[in-house]
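One structure is given below, encoded as C-alpha coordinates.
The values are calculated or read from the model by the stated rules, or taken from the named source; none is laboratory data. Worth saying up front: this structure is predicted, and the values here are computed from it rather than measured. Virtual Cβ from ideal backbone geometry, glycine too; neighbours counted across all protein chains shown.
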Amino acid sequence: MVVKAFPWLSVYANTSDSFRPATAASDVYRRPVPDPSSEGRDYGVMLNLFSGKLFLRWNEYRVDLKNDRNGNNPLARLLAIDFSWRNGASVPAYQLQEKAGEWARAEAANSGQTLTPAQLDQRIAQIMQVPVEYLTEPATGPVPVAVNATRAQGREVEVYYTPSDFWTMKLNVTEQESIDGKVAAEVQQWLDERMVVWKSIIDPLTGRPWFTERYNGGDSAETVLIRGTVGPLQIARAMEGKSRPQVRRYRANFSTSYKLAGLTDHRILKRFTLGGAMRWEDKGAIGFYGVQQLPELITELDVNRPIWDRDSLYMDAFVSFRTRLFSNRINATFQLNARNFTEGGRLQPINANPDGTPSVYRLIDPRKFILTVTFDF
(Lines give C-alpha, C1' and ligand atoms only; values in the text may rest on other atoms or scores of the structure.)
Protein backbone atom coordinates (compact mmCIF):
# COMPACT_ATOMS: atom_id res chain seq x y z
CA MET A 1 0.00 0.00 0.00
CA VAL A 2 1.28 3.44 -0.97
CA VAL A 3 -0.30 6.67 0.23
CA LYS A 4 0.72 9.86 -1.58
CA ALA A 5 -0.13 12.36 1.15
CA PHE A 6 1.32 15.34 -0.75
CA PRO A 7 3.08 15.76 -4.09
CA TRP A 8 6.36 15.69 -2.17
CA LEU A 9 5.51 13.03 0.44
CA SER A 10 4.62 9.36 0.06
CA VAL A 11 4.22 6.70 2.75
CA TYR A 12 4.20 2.99 2.00
CA ALA A 13 3.89 -0.35 3.78
CA ASN A 14 4.06 -3.96 2.67
CA THR A 15 3.44 -7.31 4.30
CA SER A 16 3.80 -10.77 2.84
CA ASP A 17 4.21 -14.42 3.70
CA SER A 18 5.55 -17.28 1.67
CA PHE A 19 6.58 -20.90 1.79
CA ARG A 20 9.09 -22.87 -0.23
CA PRO A 21 8.17 -26.45 -1.17
CA ALA A 22 11.14 -28.61 -0.29
CA THR A 23 12.17 -32.23 -0.55
CA ALA A 24 10.58 -34.43 2.10
CA ALA A 25 12.92 -34.65 5.09
CA SER A 26 13.00 -35.79 8.68
CA ASP A 27 14.71 -34.74 11.88
CA VAL A 28 17.25 -36.82 13.79
CA TYR A 29 14.42 -38.90 15.29
CA ARG A 30 12.98 -39.63 11.80
CA ARG A 31 10.00 -37.33 12.29
CA PRO A 32 8.77 -35.28 9.27
CA VAL A 33 10.12 -31.73 8.97
CA PRO A 34 7.80 -28.98 7.65
CA ASP A 35 8.57 -26.83 4.62
CA PRO A 36 10.51 -23.58 5.12
CA SER A 37 8.33 -20.48 5.32
CA SER A 38 8.75 -16.78 5.96
CA GLU A 39 6.83 -13.69 6.96
CA GLY A 40 8.00 -10.23 5.99
CA ARG A 41 7.01 -6.63 6.39
CA ASP A 42 8.54 -3.32 5.47
CA TYR A 43 7.45 0.28 5.56
CA GLY A 44 8.93 3.66 4.88
CA VAL A 45 8.69 7.25 3.72
CA MET A 46 9.69 8.90 0.43
CA LEU A 47 10.36 12.61 0.00
CA ASN A 48 10.65 14.40 -3.34
CA LEU A 49 11.90 17.94 -2.77
CA PHE A 50 13.17 20.99 -4.64
CA SER A 51 11.42 20.14 -7.91
CA GLY A 52 12.82 16.66 -8.00
CA LYS A 53 16.42 17.59 -7.29
CA LEU A 54 16.44 15.88 -3.90
CA PHE A 55 14.89 12.47 -3.31
CA LEU A 56 15.04 10.70 0.06
CA ARG A 57 13.77 7.28 1.01
CA TRP A 58 13.76 5.72 4.46
CA ASN A 59 12.86 2.06 4.75
CA GLU A 60 12.62 -0.40 7.64
CA TYR A 61 12.13 -4.13 7.14
CA ARG A 62 11.85 -7.40 9.02
CA VAL A 63 11.76 -10.96 7.68
CA ASP A 64 11.15 -14.00 9.90
CA LEU A 65 12.35 -17.26 8.40
CA LYS A 66 10.92 -20.43 9.91
CA ASN A 67 11.97 -24.05 9.53
CA ASP A 68 15.14 -23.03 7.76
CA ARG A 69 17.22 -26.07 6.82
CA ASN A 70 20.33 -24.11 5.87
CA GLY A 71 21.30 -22.88 9.31
CA ASN A 72 24.73 -23.44 10.82
CA ASN A 73 24.11 -26.38 13.13
CA PRO A 74 26.40 -29.38 13.72
CA LEU A 75 23.87 -32.18 13.19
CA ALA A 76 25.70 -33.74 10.23
CA ARG A 77 28.98 -33.93 12.17
CA LEU A 78 27.11 -35.31 15.17
CA LEU A 79 25.55 -38.13 13.16
CA ALA A 80 28.93 -38.99 11.62
CA ILE A 81 30.19 -40.17 15.01
CA ASP A 82 27.56 -42.92 15.05
CA PHE A 83 26.58 -43.88 11.52
CA SER A 84 28.66 -45.01 8.57
CA TRP A 85 26.00 -44.08 5.99
CA ARG A 86 26.60 -40.45 6.91
CA ASN A 87 30.16 -40.60 5.51
CA GLY A 88 29.78 -42.96 2.59
CA ALA A 89 33.16 -44.39 1.57
CA SER A 90 35.12 -42.16 3.96
CA VAL A 91 34.59 -43.79 7.35
CA PRO A 92 36.75 -42.67 10.29
CA ALA A 93 38.37 -45.39 12.36
CA TYR A 94 36.41 -44.50 15.52
CA GLN A 95 32.95 -44.56 13.93
CA LEU A 96 30.65 -46.50 16.22
CA GLN A 97 28.61 -48.37 13.59
CA GLU A 98 31.78 -49.76 12.01
CA LYS A 99 33.38 -50.63 15.36
CA ALA A 100 30.18 -52.28 16.57
CA GLY A 101 30.20 -54.39 13.40
CA GLU A 102 33.75 -55.52 14.17
CA TRP A 103 32.83 -56.39 17.74
CA ALA A 104 29.69 -58.28 16.69
CA ARG A 105 31.55 -60.35 14.10
CA ALA A 106 34.37 -61.13 16.55
CA GLU A 107 31.84 -62.06 19.21
CA ALA A 108 30.04 -64.42 16.80
CA ALA A 109 33.33 -65.97 15.60
CA ASN A 110 34.35 -66.70 19.20
CA SER A 111 31.05 -68.55 19.63
CA GLY A 112 31.48 -70.43 16.35
CA GLN A 113 28.60 -68.58 14.69
CA THR A 114 28.14 -66.73 11.41
CA LEU A 115 25.59 -63.93 11.56
CA THR A 116 23.20 -63.20 8.71
CA PRO A 117 23.05 -59.55 7.57
CA ALA A 118 19.81 -59.09 9.49
CA GLN A 119 21.27 -60.66 12.64
CA LEU A 120 24.40 -58.53 12.31
CA ASP A 121 22.31 -55.36 12.05
CA GLN A 122 20.28 -56.37 15.09
CA ARG A 123 23.43 -56.90 17.13
CA ILE A 124 25.00 -53.62 15.95
CA ALA A 125 21.82 -51.73 16.87
CA GLN A 126 21.83 -53.42 20.27
CA ILE A 127 25.43 -52.35 20.93
CA MET A 128 24.78 -48.82 19.73
CA GLN A 129 21.43 -48.66 21.57
CA VAL A 130 19.51 -47.30 18.60
CA PRO A 131 16.58 -48.68 16.57
CA VAL A 132 17.83 -50.95 13.79
CA GLU A 133 16.31 -48.72 11.10
CA TYR A 134 18.70 -45.95 12.16
CA LEU A 135 21.59 -47.94 10.66
CA THR A 136 20.50 -47.03 7.12
CA GLU A 137 19.95 -43.68 5.47
CA PRO A 138 16.36 -42.44 5.90
CA ALA A 139 14.09 -42.67 2.88
CA THR A 140 12.71 -39.13 3.34
CA GLY A 141 15.93 -37.33 2.47
CA PRO A 142 19.68 -37.67 2.04
CA VAL A 143 20.32 -37.02 5.75
CA PRO A 144 18.21 -35.92 8.70
CA VAL A 145 18.05 -32.15 8.96
CA ALA A 146 17.73 -29.67 11.80
CA VAL A 147 15.61 -26.58 11.33
CA ASN A 148 16.29 -23.12 12.68
CA ALA A 149 14.44 -19.85 12.97
CA THR A 150 16.14 -16.66 11.82
CA ARG A 151 15.12 -13.03 11.74
CA ALA A 152 16.63 -10.52 9.33
CA GLN A 153 15.90 -6.90 10.09
CA GLY A 154 17.32 -3.55 9.27
CA ARG A 155 16.94 0.03 8.17
CA GLU A 156 18.20 1.88 5.14
CA VAL A 157 18.33 5.48 3.97
CA GLU A 158 18.82 6.47 0.33
CA VAL A 159 19.49 10.00 -0.84
CA TYR A 160 19.61 11.09 -4.49
CA TYR A 161 20.71 14.68 -5.04
CA THR A 162 21.04 16.43 -8.38
CA PRO A 163 22.18 20.02 -7.77
CA SER A 164 22.31 20.67 -11.53
CA ASP A 165 21.94 18.90 -14.84
CA PHE A 166 25.67 18.18 -14.72
CA TRP A 167 26.14 16.87 -11.17
CA THR A 168 24.56 13.84 -9.50
CA MET A 169 25.14 12.27 -6.07
CA LYS A 170 23.82 9.16 -4.39
CA LEU A 171 24.17 8.05 -0.76
CA ASN A 172 23.00 4.78 0.74
CA VAL A 173 23.35 3.91 4.44
CA THR A 174 22.12 0.60 5.84
CA GLU A 175 21.90 -1.11 9.19
CA GLN A 176 21.28 -4.85 9.09
CA GLU A 177 21.04 -7.61 11.64
CA SER A 178 20.59 -11.37 11.42
CA ILE A 179 19.15 -12.70 14.67
CA ASP A 180 19.19 -16.40 15.46
CA GLY A 181 16.04 -17.90 16.83
CA LYS A 182 15.80 -21.28 18.47
CA VAL A 183 18.13 -23.93 17.16
CA ALA A 184 16.43 -27.31 16.83
CA ALA A 185 16.04 -28.54 20.42
CA GLU A 186 16.17 -32.16 19.29
CA VAL A 187 19.86 -31.76 18.35
CA GLN A 188 20.82 -31.03 21.95
CA GLN A 189 18.46 -33.76 23.15
CA TRP A 190 20.10 -36.28 20.81
CA LEU A 191 23.58 -35.25 21.96
CA ASP A 192 22.64 -35.59 25.64
CA GLU A 193 21.16 -39.04 25.07
CA ARG A 194 24.07 -40.28 22.98
CA MET A 195 26.69 -39.00 25.45
CA VAL A 196 25.31 -41.34 28.09
CA VAL A 197 25.55 -44.26 25.66
CA TRP A 198 28.99 -43.36 24.27
CA LYS A 199 30.59 -43.08 27.69
CA SER A 200 29.20 -46.48 28.71
CA ILE A 201 30.63 -48.46 25.78
CA ILE A 202 33.77 -50.53 26.37
CA ASP A 203 35.67 -51.87 23.36
CA PRO A 204 35.68 -55.68 24.00
CA LEU A 205 38.80 -56.08 21.86
CA THR A 206 40.91 -53.62 23.87
CA GLY A 207 39.08 -53.46 27.20
CA ARG A 208 39.22 -49.67 27.05
CA PRO A 209 36.43 -47.06 26.64
CA TRP A 210 35.48 -46.66 22.98
CA PHE A 211 34.72 -42.95 23.37
CA THR A 212 38.27 -41.91 24.26
CA GLU A 213 40.21 -44.53 22.27
CA ARG A 214 42.46 -43.22 19.47
CA TYR A 215 42.11 -45.88 16.81
CA ASN A 216 44.99 -46.18 14.31
CA GLY A 217 46.67 -43.23 15.99
CA GLY A 218 43.94 -40.83 14.90
CA ASP A 219 41.54 -38.65 16.84
CA SER A 220 39.12 -40.19 19.30
CA ALA A 221 35.38 -39.73 19.03
CA GLU A 222 35.58 -37.47 22.09
CA THR A 223 38.15 -35.20 20.43
CA VAL A 224 36.15 -34.95 17.20
CA LEU A 225 32.98 -34.26 19.17
CA ILE A 226 34.54 -31.43 21.17
CA ARG A 227 36.27 -29.86 18.19
CA GLY A 228 33.58 -30.11 15.56
CA THR A 229 30.25 -30.42 17.33
CA VAL A 230 30.09 -29.31 20.97
CA GLY A 231 31.70 -25.93 20.33
CA PRO A 232 29.51 -24.95 17.36
CA LEU A 233 26.40 -26.22 19.14
CA GLN A 234 27.25 -24.22 22.26
CA ILE A 235 27.73 -21.14 20.10
CA ALA A 236 24.42 -21.73 18.31
CA ARG A 237 22.56 -22.17 21.59
CA ALA A 238 24.22 -19.16 23.20
CA MET A 239 23.44 -16.98 20.17
CA GLU A 240 19.69 -17.59 20.35
CA GLY A 241 17.98 -14.21 20.30
CA LYS A 242 21.22 -12.35 19.54
CA SER A 243 22.46 -10.66 16.40
CA ARG A 244 25.18 -12.56 14.56
CA PRO A 245 28.43 -10.60 14.92
CA GLN A 246 29.62 -12.13 11.63
CA VAL A 247 27.09 -9.92 9.84
CA ARG A 248 28.61 -6.48 9.35
CA ARG A 249 25.96 -4.30 10.89
CA TYR A 250 26.56 -0.97 9.14
CA ARG A 251 27.36 -0.19 5.52
CA ALA A 252 27.53 3.05 3.55
CA ASN A 253 27.94 3.75 -0.16
CA PHE A 254 28.45 7.12 -1.81
CA SER A 255 28.84 7.83 -5.53
CA THR A 256 28.98 10.99 -7.60
CA SER A 257 29.61 12.08 -11.16
CA TYR A 258 30.15 15.47 -12.76
CA LYS A 259 30.03 16.49 -16.43
CA LEU A 260 32.70 19.08 -17.19
CA ALA A 261 30.25 20.74 -19.56
CA GLY A 262 28.94 22.41 -16.41
CA LEU A 263 32.27 24.23 -16.02
CA THR A 264 33.57 24.86 -19.53
CA ASP A 265 32.50 25.13 -23.16
CA HIS A 266 35.85 23.89 -24.43
CA ARG A 267 35.07 21.58 -27.36
CA ILE A 268 37.11 18.70 -25.86
CA LEU A 269 36.92 19.22 -22.11
CA LYS A 270 33.13 19.48 -22.08
CA ARG A 271 32.93 15.90 -23.35
CA PHE A 272 34.51 14.53 -20.16
CA THR A 273 32.68 13.17 -17.12
CA LEU A 274 34.47 12.55 -13.83
CA GLY A 275 33.22 10.46 -10.96
CA GLY A 276 33.98 8.23 -8.06
CA ALA A 277 32.56 6.13 -5.26
CA MET A 278 33.33 5.10 -1.70
CA ARG A 279 32.12 1.92 -0.02
CA TRP A 280 32.49 1.37 3.71
CA GLU A 281 31.54 -1.67 5.79
CA ASP A 282 31.58 -2.17 9.54
CA LYS A 283 33.74 -4.66 11.40
CA GLY A 284 32.66 -8.31 11.44
CA ALA A 285 33.45 -11.30 13.64
CA ILE A 286 35.59 -14.11 12.21
CA GLY A 287 35.46 -16.33 15.28
CA PHE A 288 35.23 -16.38 19.08
CA TYR A 289 37.88 -16.54 21.78
CA GLY A 290 37.97 -19.65 23.92
CA VAL A 291 36.83 -19.74 27.51
CA GLN A 292 40.11 -21.51 28.28
CA GLN A 293 43.50 -20.09 27.32
CA LEU A 294 46.48 -21.85 25.82
CA PRO A 295 48.28 -24.05 26.74
CA GLU A 296 45.03 -25.45 28.18
CA LEU A 297 42.82 -27.45 25.82
CA ILE A 298 40.16 -25.07 24.55
CA THR A 299 36.82 -26.88 24.68
CA GLU A 300 34.42 -23.92 24.95
CA LEU A 301 33.99 -20.69 23.00
CA ASP A 302 32.95 -17.40 24.57
CA VAL A 303 30.18 -15.78 22.50
CA ASN A 304 30.70 -12.53 24.39
CA ARG A 305 34.26 -12.22 23.04
CA PRO A 306 34.17 -12.15 19.24
CA ILE A 307 37.38 -12.01 17.23
CA TRP A 308 36.89 -8.99 14.98
CA ASP A 309 37.99 -8.29 11.45
CA ARG A 310 38.45 -4.55 11.04
CA ASP A 311 36.12 -2.29 9.09
CA SER A 312 36.97 -1.62 5.44
CA LEU A 313 36.86 1.35 3.08
CA TYR A 314 37.01 0.91 -0.71
CA MET A 315 37.34 3.72 -3.24
CA ASP A 316 36.67 3.83 -6.98
CA ALA A 317 37.11 6.50 -9.64
CA PHE A 318 36.33 6.87 -13.32
CA VAL A 319 36.76 9.26 -16.24
CA SER A 320 34.74 9.00 -19.43
CA PHE A 321 34.94 10.79 -22.77
CA ARG A 322 32.03 10.92 -25.19
CA THR A 323 32.49 11.74 -28.86
CA ARG A 324 31.14 11.01 -32.34
CA LEU A 325 32.98 8.98 -34.97
CA PHE A 326 32.73 8.28 -38.71
CA SER A 327 31.35 11.64 -39.79
CA ASN A 328 29.18 11.96 -36.69
CA ARG A 329 27.29 8.77 -37.51
CA ILE A 330 28.30 6.78 -34.41
CA ASN A 331 28.35 7.84 -30.76
CA ALA A 332 31.29 6.44 -28.83
CA THR A 333 32.07 6.53 -25.11
CA PHE A 334 35.55 5.74 -23.77
CA GLN A 335 35.63 5.09 -20.03
CA LEU A 336 38.51 4.26 -17.70
CA ASN A 337 37.57 2.83 -14.28
CA ALA A 338 39.91 2.44 -11.33
CA ARG A 339 38.38 -0.02 -8.89
CA ASN A 340 39.68 -0.13 -5.31
CA PHE A 341 42.47 2.22 -6.33
CA THR A 342 43.79 2.44 -2.75
CA GLU A 343 44.15 -1.34 -2.47
CA GLY A 344 47.55 -2.94 -3.05
CA GLY A 345 46.44 -6.56 -2.58
CA ARG A 346 46.65 -8.63 0.59
CA LEU A 347 45.45 -11.66 2.50
CA GLN A 348 42.39 -11.03 4.66
CA PRO A 349 41.56 -13.42 7.51
CA ILE A 350 38.03 -14.81 7.36
CA ASN A 351 38.25 -17.33 10.20
CA ALA A 352 40.23 -17.47 13.42
CA ASN A 353 41.29 -20.03 15.99
CA PRO A 354 40.00 -19.67 19.58
CA ASP A 355 43.33 -18.10 20.59
CA GLY A 356 42.81 -15.28 18.09
CA THR A 357 45.26 -16.40 15.40
CA PRO A 358 43.84 -16.42 11.83
CA SER A 359 43.19 -19.87 10.39
CA VAL A 360 41.64 -19.16 6.98
CA TYR A 361 42.33 -16.30 4.57
CA ARG A 362 40.90 -14.98 1.35
CA LEU A 363 42.82 -13.11 -1.31
CA ILE A 364 41.97 -9.44 -1.74
CA ASP A 365 42.79 -8.42 -5.30
CA PRO A 366 44.87 -5.28 -5.85
CA ARG A 367 43.46 -2.25 -7.65
CA LYS A 368 42.05 -2.83 -11.12
CA PHE A 369 42.01 -0.56 -14.14
CA ILE A 370 39.31 -1.29 -16.70
CA LEU A 371 38.96 0.42 -20.07
CA THR A 372 35.65 0.08 -21.89
CA VAL A 373 34.50 1.46 -25.22
CA THR A 374 30.81 1.67 -26.05
CA PHE A 375 29.34 2.43 -29.47
CA ASP A 376 25.77 3.65 -30.10
CA PHE A 377 24.58 3.10 -33.65
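Do you know which residues across segment 363-377 are in a strand (DSSP E or B), in contact (Cβ under 8 Å) with a residue 40 or more places away in the chain and of a type outside the set (A, V, I, L, M)?
Within segment 363-377, 374, 375, 376 meet the criteria.
I'd like to check something: does segment 247-254 contain any residue that is β-branched (Val, Ile, Thr), touching a Ser or Thr at 6+ places or on another chain (Cβ under 9 Å) and surrounded by 17 or more Cβ atoms within 10 Å (Cβ to Cβ)?
no
Would you check which residues across segment 281-303 are farther than 23 Å from residue 179 by Cβ and in contact with a Ser or Thr (Cβ under 9 Å, 6 or more places away or on another chain) and list them?
Within segment 281-303, 290, 291, 292 meet the criteria.
If you scan segment 231-240, which residues turn out to be outside any loop (DSSP other than H, G, I, E, B) and closer than 17 Å to residue 148 by Cα?
Those that are outside any loop (DSSP other than H, G, I, E, B) and closer than 17 Å to residue 148 by Cα: 232, 233, 234, 235, 236, 237, 238.
If I filter segment 262-277 down to residues being among the hydrophobic types (A, V, I, L, M, F, W, C) and surrounded by 15 or more Cβ atoms within 10 Å (Cβ to Cβ), which single residue comes out as nearest to residue 232 (Cα to Cα)?
The selected residue is 277.
Going by what's in this entry, would residue 11 be described as β-branched (Val, Ile, Thr), surrounded by 14 or more Cβ atoms within 10 Å (Cβ to Cβ), modelled with pLDDT of 95 or more and in contact with a Phe, Trp or Tyr (Cβ under 9 Å, 6 or more places away or on another chain)?
For residue 11, the condition - β-branched (Val, Ile, Thr), surrounded by 14 or more Cβ atoms within 10 Å (Cβ to Cβ), modelled with pLDDT of 95 or more and in contact with a Phe, Trp or Tyr (Cβ under 9 Å, 6 or more places away or on another chain) - is not met.
Could you list, in sequence order, the residues of segment 348-364 that are surrounded by 12 or more Cβ atoms within 10 Å (Cβ to Cβ) and over 16 Å from residue 307 (Cβ atoms)?
Within segment 348-364, 364 is the sole residue that qualifies.
Could we say that residue 48 is under 16 Å from residue 146 (Cβ atoms) and either charged (D, E, K, R) or surrounded by 13 or more Cβ atoms within 10 Å (Cβ to Cβ) (or both) here?
no
Does at least one position in segment 301-316 carry a residue that is over 19 Å from residue 368 (Cβ atoms), of a type in the set (Lys, Arg) and part of a loop (DSSP other than H, G, I, E, B)?
Yes, segment 301-316 contains at least one residue that is over 19 Å from residue 368 (Cβ atoms), of a type in the set (Lys, Arg) and part of a loop (DSSP other than H, G, I, E, B).
Would segment 16-38 turn up any residue that is surrounded by fewer than 14 Cβ atoms within 10 Å (Cβ to Cβ), of a type in the set (S, T, N, Q) and part of a strand (DSSP E or B)?
Checking segment 16-38: at least one residue is surrounded by fewer than 14 Cβ atoms within 10 Å (Cβ to Cβ), of a type in the set (S, T, N, Q) and part of a strand (DSSP E or B).
Suppose we filter segment 51-78 for residues that are under 30 Å from residue 91 (Cβ atoms) and exposed (fewer than 15 other Cβ atoms within 10 Å of the Cβ); how many remain?
Residues that pass the stated criteria total 2.
Kindly indicate which of 292, 335 is polar (S, T, N, Q), over 30 Å from residue 172 (Cβ atoms), surrounded by 12 or more Cβ atoms within 10 Å (Cβ to Cβ) and over 22 Å from the mean Cα position of the chain (by Cα).
Every option except 292 fails the conditions.
What strands (runs of 3 or more DSSP E) lie completely within segment 250-294 and have 2 or more residues being of a type outside the set (Ser, Thr, Tyr) and modelled with pLDDT under 95?
284-290
How many residues are modelled with pLDDT under 90, exposed (fewer than 12 other Cβ atoms within 10 Å of the Cβ) and of a type in the set (Asp, Glu) when one looks only at segment 180-197?
The number of residues fulfilling the criteria is 0.
Within segment 31-49, how many residues are modelled with pLDDT of 95 or more and either on the phi > 0 side of the Ramachandran plot or not polar (S, T, N, Q) (or both)?
Residues in segment 31-49 being modelled with pLDDT of 95 or more and either on the phi > 0 side of the Ramachandran plot or not polar (S, T, N, Q) (or both): 10 in total.
Matching residues to (1) in contact with a helix residue (DSSP H, G or I) (Cβ under 7 Å, 6 or more places away or on another chain); (2) among the aromatic types (Phe, Trp, Tyr):
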| site | (1), (2) |
| --- | --- |
| 127 | yes, no |
| 138 | no, no |
| 161 | no, yes |
| 166 | yes, yes |
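For segment 335-350, enumerate the residues that are touching a residue at least 40 places away in the same chain (Cβ under 8 Å) and either among the β-branched types (Val, Ile, Thr) or in contact with a Gly (Cβ under 6 Å, 6 or more places away or on another chain) (or both).
Answer for segment 335-350, where residues must be touching a residue at least 40 places away in the same chain (Cβ under 8 Å) and either among the β-branched types (Val, Ile, Thr) or in contact with a Gly (Cβ under 6 Å, 6 or more places away or on another chain) (or both): just 350.
Could you grab me the full set of residues in segment 279-291 that are within 19 Å of residue 228 (Cβ to Cβ) and touching a residue at least 12 places away in the same chain (Cβ under 8 Å)?
Within segment 279-291, 286, 287, 288, 289, 290 meet the criteria.
Do you know which of the residues in segment 73-96 that are in contact with an Asp or Glu (Cβ under 6 Å, 6 or more places away or on another chain) and part of a helix (DSSP H, G or I) is modelled with the highest pLDDT?
Selected residue: 96.
Could you please give the count of residues in segment 22-51 that are out of contact with any strand residue (DSSP E or B) (no Cβ under 6 Å at 6 or more places or on another chain) and farther than 30 Å from residue 82 by Cα?
3
Give me the pairs, please: first residue somewhere in segment 308-322 and more than 30 Å from residue 332 (Cβ to Cβ), second residue anywhere and of a type in the set (Asp, Glu), beta-carbon distance under 8 Å, and either six or more positions apart or on two chains.
Short answer, once both residue conditions are applied: 311/281; 311/282; 312/281.
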